[in-house]
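K.L.:
The structure is given below, and queries will be raised subsequently.
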Amino acid sequence: MPANETLIQLTSRGGPAVSVLVALGLFAGCGGPSGAEKAAARQRTEDARKQARTAAAKAKAERDYGVCQSQLGPLFKALADLKGHLEVGLSYSEYTQRLGDARVAYDEIPFKSMAPGCLSPGILAEDAINEHARAATYWGGCIDSLECAEATKEHTLQAHWSKADGYLERAESRLEAMKQPEDAAVASG
């Protein structure tokens, strides 16, 4: 018996309430998505949105990294060059010359217009250059006074240089970390 005939027969026995229930039951499987299909579609939509947020966050992180790298890169390079030359040995005048090169690179950084994420590595690089400046001041004072014991001078300079290296390493690490979007930023979209 066709479905519409069943509906008519049941309607005549049970009244309008039964006919509505029967009609809903008969047509529930007629082409509409099931609850599981609807849930799967919602999950696919949410997964696609999450992938889009992740891709957008990654693209933004890469852009921010590129901008920051272009702004801080010359200072990082000057500080790394200074470190490399210290490892093979520099005179005081060579040291202050290389420190001057790093200071020039530092002075060219547009701190006022820098992206917020770039400030942390920038401040650490600034700390590195300041530590080198303290070493230069100490070294120059030793030359002027001739009262610094060689062992004390070497120990003090090495301590300043070690601190400067630590600041530079942390600055470079923070800059590299900018390449990856933070999980919280990706999740919140």
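K.L.:
Quick one: grab the alpha carbon gyration tensor of the stretch 34-188, order the square roots of its eigenvalues as a ≥ b ≥ c, and give me rounded if a/c is under 1.5, else prolate or oblate depending on whether a/b is larger than b/c. Walk me through the numbers on the way to the answer.
P.N.:
Working: a/c = 4.67, a/b = 3.35, b/c = 1.40.
The shape class here is prolate.
K.L.:
Distance from the Cα centre of the stretch 31-78 to that of the stretch 148-183, in angstrom?
P.N.:
Taking the Cα centre of each part, the stretch 31-78 and the stretch 148-183 sit 33 Å apart.
K.L.:
Shifting gears a bit: Just to check I understand the Karplus step: with θ = phi - 60° and J = 6.51 cos²θ - 1.76 cosθ + 1.60, what whole-Hz values come out for the stretch 97-108, glycine and proline as x?
P.N.:
Result, ordered by residue: 5, 5, 5, x, 4, 5, 5, 4, 4, 5, 5, 8 Hz.
K.L.:
Beyond 22 Å, how much of the Cα-Cα pair distribution for the stretch 71-163 remains, as a whole percent? Show your work: numbers first, answer last.
P.N.:
Working: 1307 of 4278 pairs.
Here the tail beyond 22 Å accounts for 31 percent of pairs.
K.L.:
Related question: Quickly rank 58-69, 33-44 as a protection proxy: mean count of other C-beta atoms within 10 Å, highest first. Mind dumping the intermediate values first?
P.N.:
Numbers: 58-69: 15.3, 33-44: 10.0.
In decreasing order of mean packing, 58-69, 33-44 become 58-69, 33-44.
K.L.:
Something else about it: How about K83: which aspartates and glutamates have a C-alpha closer than 13 Å to its C-alpha, ignoring those fewer than 8 places off in the same chain?
P.N.:
Here the aspartates and glutamates satisfying the reach criterion relative to K83 are E94, D101, E131, D165, E169.
K.L.:
Cross-link list K50/K179; K38/K179; K50/K112; K58/K163; K60/K112; K112/K179: which exceed 27 angstrom alpha carbon to alpha carbon? It would help to have the intermediate numbers written out before the result.
P.N.:
Numbers: K50/K179 19 Å; K38/K179 37 Å; K50/K112 34 Å; K58/K163 33 Å; K60/K112 20 Å; K112/K179 22 Å.
Correct reply: K38/K179; K50/K112; K58/K163.
No lab work stands behind these numbers, since they all come straight from the coordinates. Source: prediction; values computed, not measured. Heads up, the Cβs are rebuilt from the backbone with ideal geometry, glycines too, and the neighbour counts pull from every protein chain shown.
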